[in-house]
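Worksheet: one structure, shown below.
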Amino acid sequence: MIKQIFGKIPRKPSKSSHNNSNGEGGFNDGFSLNSSSNNTLLKSNSVSSKSSSSCSVGSRSGNETIAQYYSNQSKKSAPTSGSVMASAAYEALPSFRDVPSSEKQNLFIRKLNMCCVVFDFNDPVKHLKEKDVKRQTLLELVDYVSSVNSKFNELAMQEMTKMVATNLFRALPSSNHDGNLEDMGEPDEEEHVLEPAWPHLQIVYEFLFRFVASPETDAKLAKRYIDHSFVLKLLDLFDSEDQRERDYLKTILHRIYGKFMVHRPFIRKAINNIFYRFIFETEKHSGIAELLEILGSIINGFALPLKEEHKLFLARALIPLHKPKCVALYHQQLSYCITQFVEKDVKLADTVVRGLLKYWPITNSAKEVMFLSELEEVLEATQAAEFQRCVIPLFRQIGRCLNSLHFQVAERALFLWNNDHIRNLILQNSKVILPIIFPAMEKNIRGHWNQAVQSLTMNVRKIFSDADQALFDECLKRFQEEEINDREKQEKRESIWKQLEDVAAANAVSNEAILVSRFVSSVAIATSANQLATAGG
């Protein structure tokens with residue numbers, strides 16, 4: 001009978017209809033966090049288990065052997081779970097369809113205990129039959145959790161979280177980006193590392209997701225097992241280099257935050273600590289983008305007025321995330337979170353702009369373009385009062401960007417005037433802004449090497465002149481006066497150096513200590529040489 005059951009292919013599980021649990025306070029699903037892609041798990045796993053096992057390469061530490069499994073099972077005394085195996089072989093248990101309803105709970109526990117065996121995927125041909133049995137059993141468990149129509153009891157929750165912890169919580173392999181941090185700055189060149197045990201891990205993640213999202217999971221009871229320790233271990237797994245694993249973790253943590261309100265402050269604090277360690281200690285972490293994606297949804301659901309805790313999180317964690325060299329890997333998600341804060345509380349615009357200026361790159365042009373793009377999004381949500389507070393330091397920096405020799409930086413800065421809201425803010429404060437950036441514009445028009453930058457600068461110059469011709473003429477006059485003064489100072493400086501060079505050349509034959517310019521002209525050098533030759537003759 002068991003052999004016949006083992007030969008059956010498990011039925012395709014029904015899709016969970018409980019994937020969208022919105023409406024909880026301080027939480028929002030608005031940032032593209034959904035699990036629809038997870039529901040394709042069983043379709044993608046319909047291939048033979050041999051091929052899925054043999055394609056895995058690698059190793060996992062601390063794996064429980066089959067002998068240890070049976071030894072541990074013999075020590076268990078819970079009468080409801082019973083013995084997983086009666087024989088020495090790791091064989092499939094009966095299907096849920098083949099047992100009466102009264103026995104399904106016990107069978108569920110037995111299958112959970114059976115899946116607590118962790119196989120070594122280092123050898124692709126080792127334990128092929130047992131790996132396939134476990135995979136099929138895990139698929140049956142996913143199907144059962146998705147279709148169950150009664151509340152999970154405490155024993156079931158305990159065994160489910162134990163099975164999940166046994167399979168998922170493990171030491172991650174050493175990261176490939178331990179060597180050169182600068183290599184992390186190019187997302188397209190990032191090497192993708194795949195978890196060798198993914199054929200099993202994927203189904204365990206799907207099982208955990210279905211369990212958390214299930215309406216039959218009582219949050220008040222489940223919080224005893226999905227506790228702070230469990231959440232911390234999940235967060236540790238975000239450093240996995242396997243993108244597939246981080247995607248599952250993102251979706252599951254998103255659901256946990258929505259379902260377990262009691263854990264929300266703890267989850268936010270734990271993510272803060274990950275950011276602090278990344279910013280100020282290691283600058284190495286694979287899951288910053290995914291964590292920021294979760295936070296984007298959380299911030300979107302913050303109630304108003306914002307708590308002081310949330311404002312501190314912005315100032316101490318989010319803004320300093322602009323500092324690491326690898327910011328390009330997560331800048332899109334970071335920019336979304338920053339903009340969400342400004343949209344929630346416009347008074348934070350000044351804090352954000354000054355924070356960006358604090359971490360503004362000096363020699364990294366690509367990073368500077370990203371900062372300008374983020375700055376435009378922030379300014380678009382900024383009101384006039386907050387804009388006036390930061391206008392002077394902001395446009396000193398924009399003036400430097402206008403004169404950048406990297407044409408993309410100069411272009412991106414000039415594109416700010418294409419935004420209607422930002423242009424209106426600038427024109428409202430043109431008496432402060434135009435004197436700051438006028439010299440930069442004139443310098444671009446007269447001598448920037450890129451024709452597109454010159455053309456864009458002319459357009460910006462025309463905007464100012466059309467808005468307030470008197471102010472423009474005043475700035476032009478002042479610029480011309482300063483230019484004349486600068487030219488006179490330069491001529492005077494050159495004249496003084498020329499006099500010093502002449503004195504030095506005339507007195508070169510004596511042994512007196514004389515002041516010699518670092519930039520002595522070739523004529524003075526030749527004259528000095530001739531005088532020395534004449535004296536020697």
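The values are calculated or read from the model by the stated rules, or taken from the named source; none is laboratory data. Being a predicted model, the structure only gives us computed values, none of them experimental. Every residue, glycine among them, receives a Cβ derived from its backbone with ideal geometry; neighbour counts consider all protein chains shown. To get the accessible areas, we keep the full protein, side chains included, count just its heavy atoms, and leave off ligands, DNA and RNA. Shrake-Rupley method; radii C 1.70, N 1.55, O 1.52, S 1.80 Å.
Here's the yes/no breakdown for (1) farther than 24 Å from Glu308 by Cα; (2) open to solvent by 10 Å² or more (accessible area, probe 1.4 Å); (3) in a helix (DSSP H, G or I):
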site	(1), (2), (3)
Leu221	yes, yes, yes
Ile226	yes, no, no
Lys233	yes, yes, yes
Phe238	yes, no, yes
Glu241	yes, yes, no
Arg246	yes, yes, yes
Val262	no, yes, yes
Pro265	no, yes, yes
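Working only within the stretch 415-434, note down all residues that are open to solvent by less than 60 Å² (accessible area, probe 1.4 Å) and either within 14 Å of Arg396 (Cα to Cα) or not in a helix (DSSP H, G or I) (or both). Of everything in the stretch 415-434, those that are open to solvent by less than 60 Å² (accessible area, probe 1.4 Å) and either within 14 Å of Arg396 (Cα to Cα) or not in a helix (DSSP H, G or I) (or both) turn out to be Asn419, Ile426, Asn429, Ser430, Ile433, Leu434.
Would you check which residues across the stretch 100-151 are polar (S, T, N, Q) and without any contact (Cβ under 8 Å) to a residue 12 or more places away in the chain and list them?
First pass over the stretch 100-151, keeping only residues polar (S, T, N, Q): 101-102, 105-106, 113, 122, 136-137, 146-147, 149-150.
Within the stretch 100-151, Ser101, Ser102 qualify.
Within the stretch 292-311, the residues that satisfy the criterion of being more than 22 Å from Thr282 (Cβ to Cβ) and either of a type in the set (S, T, N, Q) or in a helix (DSSP H, G or I) (or both) are Gly296, Ser297, Ile298, Ile299, Asn300, Glu308, Glu309, His310, Lys311.
For every residue, the table says whether it meets (1) modelled with pLDDT of 95 or more; (2) out of contact with any Gly (no Cβ under 6 Å at 6 or more places or on another chain); (3) closer than 25 Å to Val231 by Cα.
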position: Lys307; (1), (2), (3): no, yes, yes
position: Lys344; (1), (2), (3): no, yes, no
position: Leu356; (1), (2), (3): yes, yes, no
position: Asn364; (1), (2), (3): no, yes, no
position: Val369; (1), (2), (3): yes, yes, no
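Of all residues in the stretch 95-125, those satisfying the criterion of being surrounded by fewer than 16 Cβ atoms within 10 Å (Cβ to Cβ), assigned to a loop (DSSP other than H, G, I, E, B) and either acidic (Asp, Glu) or modelled with pLDDT of 85 or more (or both) are Val99, Pro100, Asp123.
Just one of (1) modelled with pLDDT under 80; (2) within 20 Å of Ala92 (Cβ to Cβ); (3) not small (Gly, Ala, Ser) fails for Leu138. It is (1). Taking the conditions exactly as written (open to solvent by 10 Å² or more (accessible area, probe 1.4 Å), closer than 18 Å to Val453 by Cα, among the small types (Gly, Ala, Ser) and part of a loop (DSSP other than H, G, I, E, B)), does Ser404 satisfy them or not? It is true that Ser404 is open to solvent by 10 Å² or more (accessible area, probe 1.4 Å), closer than 18 Å to Val453 by Cα, among the small types (Gly, Ala, Ser) and part of a loop (DSSP other than H, G, I, E, B).
State whether one or more residues within the stretch 75-86 are in a helix (DSSP H, G or I), at pLDDT below 85 and over 38 Å from the mean Cα position of the chain (by Cα).
Just the residues of the stretch 75-86 that are in a helix (DSSP H, G or I), to begin with: 75.
Pick out the ones that are also at pLDDT below 85 and you get 75.
Going one step further and asking which of them are over 38 Å from the mean Cα position of the chain (by Cα), we end up with 75.
Yes; the residues of the stretch 75-86 include at least one that is in a helix (DSSP H, G or I), at pLDDT below 85 and over 38 Å from the mean Cα position of the chain (by Cα).
For the stretch 343-356, state whether one or more residues are of a type in the set (Asp, Glu), open to solvent by 20 Å² or more (accessible area, probe 1.4 Å) and either in contact (Cβ under 8 Å) with a residue 60 or more places away in the chain or in contact with a Lys or Arg (Cβ under 9 Å, 6 or more places away or on another chain) (or both). Break it down stepwise before answering.
Here is the first cut: in the stretch 343-356, the ones of a type in the set (Asp, Glu) are 343, 345, 350.
From what's left, open to solvent by 20 Å² or more (accessible area, probe 1.4 Å): 343, 345, 350.
Of the ones still in play, those that are also either in contact (Cβ under 8 Å) with a residue 60 or more places away in the chain or in contact with a Lys or Arg (Cβ under 9 Å, 6 or more places away or on another chain) (or both) are 345, 350.
Checking the stretch 343-356: at least one residue is of a type in the set (Asp, Glu), open to solvent by 20 Å² or more (accessible area, probe 1.4 Å) and either in contact (Cβ under 8 Å) with a residue 60 or more places away in the chain or in contact with a Lys or Arg (Cβ under 9 Å, 6 or more places away or on another chain) (or both).
When every residue of the stretch 509-518 is checked against the conditions, at least one turns out to be part of a loop (DSSP other than H, G, I, E, B), of a type in the set (Lys, Arg), at pLDDT below 95 and open to solvent by 80 Å² or more (accessible area, probe 1.4 Å).
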